[in-house]
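See structure below.
The values are calculated or read from the model by the stated rules, or taken from the named source; none is laboratory data. What you see is a predicted model; the values in this text were computed from it and never measured. So basically every Cβ, Gly included, is an ideal-geometry build from the backbone, and we count neighbours across all protein chains shown. The protein model used for the area step is the full one, side chains on, heavy atoms only, and it has no ligands, DNA or RNA in it. Shrake-Rupley method; radii C 1.70, N 1.55, O 1.52, S 1.80 Å.
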Amino acid sequence: MVEYDAGDIGPDMSFLEMLDVVNERLMERGEVPIAFDHDCREGICGSCSLMINGVAHGPERGTATCQLHMRSFADGDTISVEPWRARAFPIVKDLVVDRGAFDRIIQAGGYITAPTGSARDANTILISKDTVDTAMDAAQCIACGACVAACPNGSASLFTASKITHLSLLPQGQPERYGRALRMVAQMDIEHFGGCTLYGECQEACPKEISIDTITRMNRDFLRATLSQGHGAIARAE
Amino acid sequence: MRPLESRVPSGPIEQKWDKHRFEMKLVNPANKRKYTVLVVGSGLAGASAAATLSELGYNVKCFFFHDSPRRAHSIAAQGGINAAKNYRNDGDSIYRLFYDTVKGGDFRSREANVYRLAQVSVEIIDQCVAQGVPFAREYGGLLANRSFGGAQVSRTFYARGQTGQQLLLGAYQQLEKEIGRGGVTVYPRTEMLDLIVVDGQARGIVTRDTVSGRISSHLGDAVVLGTGGYGNVFYLSTNAKGSNATAIWRAHKRGAAFANPCYTQIHPTCIPVSGEYQSKLTLMSESLRNDGRVWVPRQKGDQRRPEQIPENERDYYLERKYPSFGNLAPRDIASRAAKEACDQGLGVGEGGLGVYLDFADAIKRLGEQTIRERYGNLFQMYQRITDENPFVGPMRIYPAVHYTMGGLWVDYNLMSTIPGLHVIGEANFSDHGANRLGASALMQGLADGYFVLPATIGDYLASSKPGRIDTDHPDVRQAETEVTESTSKLLGIKGKRTVDSFHRELGKIMWDHCGMARNAAGLQRALQLIPELRAEFWSNVNVPGSHAELNQALEKAGRVADFLELGELMCADALHREESCGGHFREEYQTGDGEALRNDELFAYAAAWEYCGANQPERMHREPLGFEYVQLAQRSYK
Ligand SMILES: Cc1cc2nc3c(=O)[nH]c(=O)nc-3n(C[C@H](O)[C@H](O)[C@H](O)COP(=O)(O)OP(=O)(O)OC[C@H]3O[C@@H](n4cnc5c(N)ncnc54)[C@H](O)[C@@H]3O)c2cc1C
Ligand code: FES
């Protein structure tokens, strides 16, 4: 741990703007700035990823690091900042980690096969408002990785379950539903994420407040898929 | 430079695209995998193109500087995407979307492209729903719509305030599926730093792996740039921090004409600047203007809290000036009206640079719950940043740089003036003329990526038959060497000022002289200041660290170096265009009541600039714009 002094910080500054100031000072002295991931600074791209005083994304609930403001801290506080720590997220440099494992989980099945040009008129598929709202609650995941960083087991269950929930609630997602659950869950293991023992820390850390109910849905789909694996026909027919 | 040839097919506008699709050459399915297409960018445009090209059978490589394709700036789009579905039966049609877009662009776009965009818009929604994009629905299960500026119909599809996110995730998932199948190879955290042109054809790119610092060349049969807009020239904008012009600017220096660089969109509803340290500006989606009413106090310096100002002492200036569109006047007009009010001393909040966006009436009419459902995340975002609750008092908003209509010039096939170099999404100049309507960028990015480019690129590959080259080719070596040298140069200056301090200074010059209102004297001043600042940059910037590591200061330095050149071209373009149109407002050219005054006789053309060497003025070429279907008229939203 290195300690840096951050002077001239106002309460309306965002946390990342505070880091900008620290970096600007370092560079004015010709020193190398602290590397951290960020881009949109609006809580939607999922780039920012800091452990602040031991809490993923810091003290405010439902808030990504970039949306956190210095008014959440007292003047003179010493704040500890660390990268996500998880076996599946190797550190690249300083506060930057490699979250490529998430992309590979999606690759394993986090999609609906709908090649461009093959779609029928959008309004021929009716979906109730409630269903779409619940799907959207899950689809909001920004893949920041806070769930993994917060989990004592380093599990990616909330991330994976949010995608499985989004797609399996929709009629378009049915044909691939069970194969998807099998493949995505298998990929989590391949990537060395830990298992889920329902601590619930992920849900607390999630900047989009995605619920662990999604994990129950994932487990249900996965169980059903494994049970019917012996009778492959069932999985395919659903 | 090759002469500008728009290649618009002949025949009636309704039939051009179909006719063209039939006439274009096709690549035999078995031969497609022999062609390699390099796609730079994984936003809506890049991801949809890469996935679709791979589905067609091409061998695709996709490059992006983000760590995952899903983090491209498109993820931040909030409000929605237009399509001429006419699901509301409110008089919409392909023709009306076409008409609204040409008019909204203040008659500075190419009719045939816009018509095609409106045609394709319908298929985009079908495609996205098939992928599982959770668009908002009515209770009966059908898709819901809202209205956006510049239109009197409800044709905008949305997923809460996160439409861009959901559309991008749809394209990203399709891309991941293709990666899994082996059709696409991705190169994350990889920045394109130059274009490789061999025998006049775009054949590859030079990249830097931002983690290891390794410079490499990648070769292919065609290159596609979907690298987004350049609004960050202004330092403060609603764009993501990493958005930049490097890919298109370096392609420009290799021979791709840059069209209408001065057309910048200033979005009327953003959270006002709150201090020196500010690193970016936050958009409050245009969709809020469906229910929010914009006003300022009638009395200068009114210090009362907004709730205490009675109705008759408020000026709902958009409703007053533009009664038929009211709060949904197009962006350029709404922004200028806000500036005008603030210039008159009627602005609210710190520094007087703000106007109110008030939901009190809507909350009374529809109830807090409905408003929460429609805009919940935006209200929350506002409260987080300002520490004020918009359910209680009005929001304070002010215009901010948001989108760039200019970009690399492309023909009807989306090909630039360099054969083989195609440009899609915000990076090209097509479709929006001098002002983009809300919810049309997502539509254009996906139209280009899913439907237009995959059809037109085949024609290029089938007719030009690019031969084999390898990385030993002298032109490839040369490009690589130049990249390595310019990187070392940046690291070697070891001056006194940080990259950001130059960027901030450039941004201020651009905002003051090439922002919401421009005039000849100011632009001339900027044309003097920018080269001076650029010269100082190259002698006094300090880029710490080394080349062979993750070095974010070095990445930024390269981007700012390009902005320092592009900014000058934007000012030159703004100075030459002696008229006002859309986002380009020249104070010398306005009507009696302060509206933009176009000059169709002299300026009904796209200005395509040719790079002529370092510190040399660029040469301008004209693509004349004909208006056969939408009659040229002064735009009126009254
Ligand atoms: C806050 C906000 C809200 C918006 N809301 C709406 C809306 O509601 N409706 C609407 O229609 N439009 C909206 N827009 C506009 C719209 O989002 C953008 O115009 C559009 O998403 C651009 O997509 P793109 O694919 O062209 O580029 P981007 O999404 O910007 O993607 C650029 C890609 O290129 C890559 N890249 C860039 N440079 C390089 C390089 N040198 N080397 C390698 N890779 C590179 C990046 O990594 C990224 O993958 C909004 C814009 C903003 C800023
Ligand atoms: S920077 Fe995009 S979510 Fe924080």
B:S42 vs (1) open to solvent by less than 10 Å² (accessible area, probe 1.4 Å); (2) closer than 20 Å to B:F148 by Cβ: all pass except (2)
Does any residue in the stretch B:533-560 that is within 16 Å of B:I215 (Cα to Cα) come within less than 9 Å, Cβ to Cβ, of a residue that is open to solvent by 30 Å² or more (accessible area, probe 1.4 Å) and part of a helix (DSSP H, G or I) six or more places away or on a different chain, and which pairs are these?
B:H547/B:T484; B:H547/B:S488; B:G558/B:S486
Scanning the stretch B:244-270 for residues that are near ligand 1 (Cβ under 10 Å from one of its atoms) and in a strand (DSSP E or B) gives B:Q265, B:H267, B:C270
Breaking point among (1) more than 8 Å from every other protein chain (Cβ to nearest Cβ); (2) touching an Asp or Glu at 6+ places or on another chain (Cβ under 7 Å); (3) open to solvent by less than 10 Å² (accessible area, probe 1.4 Å), for A:F15:
(2)
Qualifying positions in the stretch A:41-62 - closer than 18 Å to A:V21 by Cα and at the interface with another protein chain (Cβ under 7 Å from one of its Cβ atoms)
A:R41
Which one of these does B:Q78 not meet: (1) modelled with pLDDT of 95 or more; (2) within 14 Å of chain A (Cβ to nearest Cβ)?
(1)
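A quick yes/no check of all residues on (1) assigned by TED's automatic domain parsing to the domain that holds B:L527; (2) touching a helix residue (DSSP H, G or I) at 6+ places or on another chain (Cβ under 7 Å):
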site	(1), (2)
B:G425	no, yes
B:A447	no, yes
B:S463	no, no
B:R468	no, no
B:T471	no, no
B:S486	yes, no
B:L490	yes, yes
B:T498	yes, yes
Exactly one of these conditions fails for A:G100: (1) out of contact with any helix residue (DSSP H, G or I) (no Cβ under 8 Å at 6 or more places or on another chain); (2) open to solvent by 20 Å² or more (accessible area, probe 1.4 Å). Give me its number.
(2)
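Are any residues in the stretch A:56-88 of a type in the set (S, T, Y) and under 19 Å from A:G200 (Cα atoms), and if so, which ones? Spell out how you get there, then give the answer.
Taking the stretch A:56-88 and keeping what is of a type in the set (S, T, Y), we get A:63, A:65, A:72, A:78, A:80.
Result: A:T63, single match.
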Being more than 17 Å from B:E307 (Cα to Cα) and open to solvent by less than 40 Å² (accessible area, probe 1.4 Å) is the filter here, so list the residues in the stretch B:342-360 that pass it.
B:C342, B:G345, B:G352
Do we find that B:V273 is touching a strand residue (DSSP E or B) at 6+ places or on another chain (Cβ under 8 Å), more than 15 Å from ligand 1 (Cβ to nearest atom), open to solvent by 20 Å² or more (accessible area, probe 1.4 Å) and within 14 Å of chain A (Cβ to nearest Cβ) in this structure?
yes
Considering only the stretch B:132-140, I want to know if a residue exists there that is facing another protein chain (nearest Cβ under 8 Å) and either within 19 Å of the chain's Cα centre (by Cα) or among the β-branched types (V, I, T) (or both).
no
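Go over the candidates B:A30, B:A49 one by one and state the one that is outside any loop (DSSP other than H, G, I, E, B) and open to solvent by 50 Å² or more (accessible area, probe 1.4 Å).
Numbers: B:A49 fails: open to solvent by 50 Å² or more (accessible area, probe 1.4 Å).
Of the residues listed, the single one that is outside any loop (DSSP other than H, G, I, E, B) and open to solvent by 50 Å² or more (accessible area, probe 1.4 Å) is B:A30.
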B:S93 fails exactly one of the following numbered conditions: (1) within 8 Å of another protein chain (Cβ to nearest Cβ); (2) free of Cβ contacts under 8 Å to residues at least 24 places away in the same chain. What is the number of that condition?
(1)
Being open to solvent by less than 20 Å² (accessible area, probe 1.4 Å), in contact (Cβ under 8 Å) with a residue 60 or more places away in the chain and more than 10 Å from ligand 2 (Cβ to nearest atom) is the filter here; which residues of the stretch A:20-62 pass it?
A:A35, A:A56, A:G62
Mind checking whether some residue in the stretch B:356-370 is within 16 Å of B:N290 (Cβ to Cβ) and within 14 Å of chain A (Cβ to nearest Cβ)?
yes
Select, from B:V120, B:V102, the only residue that is in a helix (DSSP H, G or I) and away from chain A (no Cβ under 14 Å).
B:V102
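I'd like to verify a number: residues in the stretch B:179-190 that are open to solvent by less than 20 Å² (accessible area, probe 1.4 Å) and either part of a helix (DSSP H, G or I) or among the β-branched types (V, I, T) (or both), how many?
Initial filter on the stretch B:179-190 (open to solvent by less than 20 Å² (accessible area, probe 1.4 Å)): B:183-184, B:190.
Now restrict to residues that are either part of a helix (DSSP H, G or I) or among the β-branched types (V, I, T) (or both): B:184, B:190.
Looking only at that region, the number is 2.
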For B:L168, only one of the following conditions fails: (1) within 22 Å of the chain's Cα centre (by Cα); (2) of a type in the set (A, V, I, L, M, F, W, C); (3) away from every other protein chain (no Cβ under 13 Å). What is its number?
(3)
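So that you can scan it fast, the table gives a plain yes or no per residue for (1) assigned to a loop (DSSP other than H, G, I, E, B); (2) more than 10 Å from ligand 1 (Cβ to nearest atom); (3) among the polar types (S, T, N, Q); (4) without any contact (Cβ under 8 Å) to a residue 12 or more places away in the chain:
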| site | (1), (2), (3), (4) |
| --- | --- |
| B:G161 | yes, no, no, no |
| B:K177 | no, yes, no, no |
| B:M192 | no, no, no, no |
| B:V197 | no, yes, no, no |
| B:R203 | no, yes, no, no |
| B:R208 | no, no, no, no |
| B:G213 | yes, yes, no, no |
| B:V223 | no, yes, no, no |
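Does B:V483 count as among the β-branched types (V, I, T) and either in contact with an Asp or Glu (Cβ under 8 Å, 6 or more places away or on another chain) or closer than 30 Å to B:P29 by Cβ (or both)? Walk me through how you get there before you give the answer.
On the way: among the β-branched types (V, I, T): yes; either in contact with an Asp or Glu (Cβ under 8 Å, 6 or more places away or on another chain) or closer than 30 Å to B:P29 by Cβ (or both): yes.
Considered against the rule, which asks whether it is among the β-branched types (V, I, T) and either in contact with an Asp or Glu (Cβ under 8 Å, 6 or more places away or on another chain) or closer than 30 Å to B:P29 by Cβ (or both), B:V483 comes out as yes.
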Only one of A:P152, A:P171 is closer than 26 Å to B:A447 by Cα, more than 9 Å from every other protein chain (Cβ to nearest Cβ), in contact (Cβ under 8 Å) with a residue 40 or more places away in the chain and surrounded by fewer than 24 Cβ atoms within 10 Å (Cβ to Cβ); which?
A:P171
Name the single residue that is nearest to the other protein chains (Cβ to nearest Cβ) among those in the stretch B:60-73 being open to solvent by 30 Å² or more (accessible area, probe 1.4 Å) and within 16 Å of ligand 2 (Cβ to nearest atom).
B:H73
Which pairs do you get when a residue that is in contact (Cβ under 8 Å) with a residue 40 or more places away in the chain, found in the stretch B:486-505, comes within reach of a residue that is surrounded by 15 or more Cβ atoms within 10 Å (Cβ to Cβ) and basic (K, R), reach meaning Cβ atoms under 8 angstrom, with the pair 6+ apart or on two chains?
B:T487/B:R208; B:V499/B:K556; B:D500/B:K556; B:H503/B:K556
Counting only helices (runs of 4 or more DSSP H) wholly inside the stretch A:120-172, the ones holding at least 1 residues that are of a type in the set (D, E, K, R) are A:129-139, A:157-169
Unique residue being more than 25 Å from B:R622 (Cβ to Cβ) and within 14 Å of chain A (Cβ to nearest Cβ) when the list is B:L550, B:L564
B:L550
Count, please, the residues in the stretch A:119-135 that happen to be farther than 12 Å from A:L167 by Cβ and at the interface with chain B (Cβ under 7 Å from one of its Cβ atoms).
11
